[in-house]
Amino acid sequence: MSATRILSAALIVAALYSLEVRAQNPGGTLFEGARLIVGDASAPIDNSAFLVQGDSITWVGKRGERQPPAGSTRVDLTGKTVMPALIDGHNHIGLVNERDGTNKKENYTRENLVDQLERYAYYGTAAALSMGLEANPDVSYKLRDEVIPNAARYYTVGKGIAATPMAGPVGDARLGIPYGAATIEEGLKDVRELKAHNTKFVKIWIDDREGAVPKIKPDVYRAIINEAHKGGQQVLAHLSRTSALEDAKDLFKAGVDGFVHEVRDRDVDDEYLALVKSHPKVWTGPNMPGPGQTMEDVNLLAETLPANQIDRMRKGVETRMAAGNKPNELYELHCRNLRKIHDAGMIIGVGTDGTGDGFGPQEQILYYTKCGMTPKEALMAGTSINARILFMDKLGTVAAGKEASFIVLNANPLDDISNSRKIATVYLRGKEVDRKGLRAKWTGTTATK
């Protein structure tokens, strides 16, 4: 079946789904009484009200400003806080099986991808962009057009490009997946193939794994960038752990559109910050390494992961704390660089580099605030800013005309960003996510909140 026919079929299914939802609840649902964090730079709306019809938000205002349509239902959210659902702008789901902990190409199935998209939904994420490790692109491209109940939407850049298929990403399960571009001709061919699959982005690995593999040559990545731009695509670069600063400077000059890792080999310098200021449309998803997993993190992951994995995590936290909880130098470096690029005005989104537990976006926005961003800035990075830079136009804010994907919280994340984890309910595309059912499927227990 052609890509056009697949897209047409997907649009028909989505339209029928929306009609079915509207028929079941013709007046929609009015959510009222919550503090509403819109997700953009505007102030929160206290005692808010917003109307959801089908999979969309059709009106937002103050409680009592408007009577709900005939046939609608009302949901009282007094005392709660509502924020937009999160977006993960960089992940590598599918290769790891969260149920048994294995990591291999054979795991890359629709079933496993859907399982991980459900995990994203459980923790309040509406969409996840897979960044270049598609072990079975046919599965990826088909899943991209599906709307699955209780699951985040799946987006993909298709296969990424390294100097050779065995270069680029680290790990046996990942080797052999990327396109190879040792020459300009190979790079152009790869970009054209991605364009034929209607990808918005081209992912490139500029990484020689400390000299172990070839790195894409500057003339090749310049050709890739130029060809992608001709076709309306953007190019996103993975930076290495050993030469990131100098590579990033040249990529700025070559016309790169974004970085899916921030500089992580050394502190950024004045030359780099000058390039940030002179290229105001270039964005980054820093993928912050954590300062160290906490017991709070483990307890939240215990809602979705097998007991044996949780036991290992708890022992790891206990061991680290017993050893004095020494600072993570890589995290400290990322923090310093995040503060510098933030102060220079760089666009900062959220990407996790995650492999499937779905908790990463919640971790990243917490790290951002630990490194100097305000809770509001961190929330925007994971919602409205990500929606804008990733062309997910219907997501990112709780506003009229947007998709009804939002989180109902038991506390205000603008007071403490960790309150974004205190989830009462999650709604994706106008329907409540069955968090109790998902938890029971994964752990045999039901959620108590």
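Brief remarks on what is shown
- Neighbours by Cβ (under 6 Å, 6+ apart or cross-chain): first from the stretch 196-217, closer than 18 Å to residue 259 by Cβ; second of a type in the set (D, E, K, R) and not in a loop (DSSP other than H, G, I, E, B): 206/247
- Selection within the stretch 198-212 - assigned to a loop (DSSP other than H, G, I, E, B) and closer than 17 Å to residue 233 by Cα: 198, 199, 200
- Residues (surrounded by fewer than 23 Cβ atoms within 10 Å (Cβ to Cβ) and among the small types (Gly, Ala, Ser)) located in the stretch 29-53: 33, 41, 42, 43, 49
- Residues in the stretch 108-132 that are in contact with a Lys or Arg (Cβ under 9 Å, 6 or more places away or on another chain) and among the hydrophobic types (A, V, I, L, M, F, W, C) were compared, and the one that is farthest from residue 235 (Cα to Cα) is 121.
- Residue pairs whose Cβ atoms lie under 8 Å apart, separated by 6 or more positions or on different chains, with the first residue in the stretch 125-148 and among the acidic types (Asp, Glu) and the second buried (at least 22 other Cβ atoms within 10 Å of the Cβ), are 134/94; 134/108; 134/140; 134/156; 134/158; 134/159; 134/177; 146/154.
- Residues satisfying the stated conditions in the stretch 34-74, i.e. free of Cβ contacts under 8 Å to residues at least 24 places away in the same chain and of a type in the set (A, V, I, L, M): 43, 45, 49, 51
- Restricting attention to the stretch 289-299, the residues being surrounded by fewer than 18 Cβ atoms within 10 Å (Cβ to Cβ), in a helix (DSSP H, G or I) and in contact (Cβ under 8 Å) with a residue 60 or more places away in the chain number 1.
- Failed criterion for residue 77 (all others in (1) surrounded by fewer than 18 Cβ atoms within 10 Å (Cβ to Cβ); (2) out of contact with any Lys or Arg (no Cβ under 7 Å at 6 or more places or on another chain) hold): (1)
- Considered as a group, the residues in the stretch 105-135 that are part of a loop (DSSP other than H, G, I, E, B) and of a type in the set (A, V, I, L, M, F, W, C) include one that is farthest from the chain's Cα centre (by Cα), and that residue is 135.
- Any chance residue 155 is outside any loop (DSSP other than H, G, I, E, B), touching a strand residue (DSSP E or B) at 6+ places or on another chain (Cβ under 6 Å), under 25 Å from residue 190 (Cα atoms) and not β-branched (Val, Ile, Thr): yes
- Any pair with Cβ under 9 angstrom, 6 or more apart, that starts in the stretch 102-123 at a residue that is among the basic types (Lys, Arg) and ends at one that is assigned to a helix (DSSP H, G or I): 110/139; 110/142; 110/143; 119/438; 119/442
- Residue in the stretch 207-222 that is within 25 Å of the chain's Cα centre (by Cα) and of a type in the set (A, V, I, L, M, F, W, C) present: no
- Residue satisfying all of: in the stretch 151-195; touching a Phe, Trp or Tyr at 6+ places or on another chain (Cβ under 9 Å) and modelled with pLDDT under 95; surrounded by the most Cβ atoms within 10 Å (Cβ to Cβ) among these: 168
- Any chance residue 147 is in a loop (DSSP other than H, G, I, E, B), modelled with pLDDT under 95 and surrounded by fewer than 17 Cβ atoms within 10 Å (Cβ to Cβ): no
The values are calculated or read from the model by the stated rules, or taken from the named source; none is laboratory data. Quantities reported herein were computed from a predicted structural model and do not represent experimental measurements. Note that we place each Cβ from the backbone using ideal geometry, even for glycine, and neighbour counts take in every protein chain shown.
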